[in-house]
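Accompanying notes for the structure given below.
Read the figures in this text as sums done on the coordinates, not as results from a lab. What you see is a predicted model, and the numbers here were worked out from it, not measured in a lab. Because the Cβ atoms are built from the backbone with ideal geometry, glycine has one as well, and the counts that use them run over all protein chains shown.
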Ligand code: ADP
Ligand code: MG
């Protein structure tokens, strides 16, 4: 139990360490299957190997010694036979491992579907897709069942087979012993031979158990392989060996930054500076690379070429902990935890007091609706904040950033999903928040960024225009066009 507890801890630690990029290749359900099902397989396997390591070898050793004492000729003969039987059993075991690997993969697939169903229930119901989801699940479930059946069949087949092999060995020993007794100057007489057979028969059971545990171990090894895929995964975003301290006094600078997720360049030769305390806004079509650009700053991903520096220090030269300590994020999708208001707001800060949390909530315009809830700050907000409205969730995530009080603020479409009424509240909260901070803001509604110190227009991974609102309007380029489509005129 201690070993599997440690494995579970290790998987969980690894999950928190691996970069975001790792998980875009993996499915959540499959990772859950690894930490539950596969770890259980490993536990079974450990239990069997304990049997195998301690009980059975001791029994076999004692019986074997007895047999050698009675007749070494017969025993040598037996020792030649046993490995042969062992080899045959081993072949069955190998196939079992392959099947077991497949079974665990299919189990992971089932878990992924359940995870997806749970988080997508609202859409599944809205689109009348229950039967589609049910069919998909039943199909995968059936495939899984067939694999499991093959595994069980193989495992159970092993039993009559080892029975047969055991009996066959006894027959052969009987025959060989018989010829020994009948021979002239026989080394063994008939009563001793019967005695010998009784001991030999007793050795068969532990030997069979031994082979059974070999199967359990094969299954465990298959699961270990899957768990290892997470545990042995290399993180390509690491702390440097000799980290430098990092702080923001002057400016953040992107220099000739190129970045791609897979094959196509998503950012092409991006240059930009954000002086301390200023607000820089990014606008542009969806898919142009704005989110990617701001994700590079906390090193969710690393640049492929070029560099990002804070006060001249490359962000790759400091620790991730120090770097991310400088930043607060508010995203389009407020990511909250199934916990109280208090714990959600104080998430990024150690030992926050209720007073500080209240203050942050006030600035974020969240205090009033929190106090109106049943247990105030101790009210649970449901899974991912499901008991709150979109605007309320957003204000909680802003309060969380306010409490952290970071010198750098990253706002990725923090207000896009909201109605104008909540937006007004939140905009006020954000204006409070970004005062005296270096702020990188992405906004769909251009009205929210008119006052930014600098506006950059991003198009297909390049910055094609920059300047203040007035400058860009006067220029009559891409930004002026965007404004025109949004406001109807360039007021
Ligand atoms: P924006 O925020 O401007 O709407 P994004 O930065 O989110 O745009 O996306 C820019 C491009 O990168 C898009 O073409 C998108 O398909 C691609 N992209 C975004 N995230 C990933 C990812 N995790 N893996 C692969 N491609 C991605
Ligand atoms: Mg985006």
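So if each residue of separation counts as 0.36 nm, and I subtract the Cα-Cα distance between residue 421 and residue 51, what length gain in nm does that give?
The residue 421-residue 51 span can extend by a further 126.4 nm.
What nm value, rounded to one decimal, do you get for the distance between residue 77 and residue 371 when each label is placed 7 Å out toward the C-beta?
It is 9.6 nm.
Under a crude label model (7 Å from the Cα following the beta-carbon direction), how far is residue 451 from residue 256 in nanometres?
Label at residue 451, label at residue 256, 3.8 nm between them.
At 7 Å along Cα-to-Cβ for each site, give me the label-to-label distance between residue 238 and residue 351 in nm.
It is 3.4 nm.
What angle, in degrees between 0 and 90 and rounded to the nearest 10, separates the Cα long axis of helix 420-434 from the longest principal axis of the Cα atoms of the chain?
Helix 420-434 sits at roughly 90 degrees to that axis.
Work out the FRET efficiency for residue 94 and residue 331 from their Cβ-Cβ distance, taking R0 = 51 Å, and round it to the nearest 0.05.
In this case the efficiency is close to 0.55.
Is the C-alpha gyration tensor of the stretch 115-254 telling us rounded, prolate or oblate? Criteria: a/c under 1.5 is rounded; beyond that, a/b larger than b/c is prolate, otherwise oblate.
Since a/c reaches 1.5 but b/c is at least a/b, the shape of the stretch 115-254 is classed as oblate.
On a 0 to 90 degree scale, rounded to 10, what angle separates helix 39-53 from the longest Cα axis of the chain?
Tilt of helix 39-53: around 30 degrees.
Tell me, how many Å apart are the Cα centres for the stretch 320-350 and for the stretch 24-73?
44
Once R0 is set to 60 Å, what does the formula 1/(1 + (r/R0)^6) return for the Cβ-Cβ distance between residue 247 and residue 87, expressed as a FRET efficiency to the nearest 0.05?
Efficiency, from the Cβ-Cβ distance: 0.35.
Can you show me the helix-derived [θ] at 222 nm for the chain, built from DSSP H runs with n ≥ 4 at -39,500 (n - 2.57) apiece and divided by the number of residues, rounded to the nearest 500.
Rounded to the nearest 500, the figure is -19500 deg cm²/dmol.
State, as an integer percentage, the relative contact order of the stretch 339-403 based on alpha-carbon contacts under 8 Å between residues 6 or more apart.
Dividing the mean separation by the residue count of the stretch 339-403 yields 52 percent.
Could you check what % of the DSSP bridge pairs in the chain are antiparallel, to the nearest 5?
Of the beta bridges lying entirely in the chain, close to 55 percent run antiparallel.
Pairing the Cα long axis of helix 55-70 with the longest principal axis of the chain, what angle in degrees results, from 0 to 90 and rounded to the nearest 10?
20
Specify the inter-centroid distance of the stretch 397-447 and the stretch 89-167, based on alpha-carbon positions, in whole Å.
47
Starting from 0.36 nm per residue, how many nanometres of slack lie between residue 163 and residue 36 once their C-alpha separation is accounted for?
Length gained, residue 163 through residue 36: 42.3 nm.
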